[in-house]
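Notes follow the structure.
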Amino acid sequence: MSPRTPLTVEQVTKRLADTGRAGDTSAIRRTFAVEYDTALRIIAKAGEAAIELNHRPDIGIRRDRPSFQVTAHTAGNAVTELDFKPAERINKRKIALRHGTVPA
């Protein structure tokens, strides 16, 4: 299966459970509660990952809560395996920033 093939409800449900994300077959989402300066660093690192992966999430921030939503527009606004790549990188970078390290 291509990483751009839309996932089934069952596949999305399992992957969401594995990554701690919320969502459905149309998009995956995550909001973090962190200090404002950490939120800005998470967003900057998420942007770097998005550029590297050539797959850009929708990014927002409300005070100290950065939020991310990912969907594959090229797959008809459906969730694909490719959508979980930036989600996994965002999670890793958020954890690292909380511990004072910034992964490459």
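Only the coordinates and a few stated rules stand behind these numbers; no lab work does. Treat the numbers as computed from the prediction; the structure is a model and nothing was measured. Cβ placement follows ideal geometry from the backbone for every residue including glycine, while neighbour counts extend to all protein chains displayed.
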What distance in nm separates the simple spin-label points at MET1 and ASP64, each placed 7 Å from Cα in the Cβ direction? 3.9 nm
Suppose each label sits 7 Å from its Cα in the direction of the beta carbon; what would the LYS14-GLU48 distance come out to in nanometres? 3.3 nm
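How fast does the chain diffuse by Stokes-Einstein, in µm²/s, taking the Kirkwood radius from C-alpha pairs at 10 °C and 1.306 mPa s?
Numbers: Rh = 13.7 Å.
D = 116 µm²/s.
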Pairwise label distance in nanometres, TYR36 with LYS92, each label 7 Å out on the Cα-Cβ vector: 3.1 nm
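Per DSSP H run of at least 4 residues, take -39500 (n - 2.57); add these up for the chain, divide by its residues and hand me the 222 nm value, nearest 500 deg cm²/dmol.
Numbers: 3 runs with 47 residues, N = 104.
About -15000 deg cm²/dmol.
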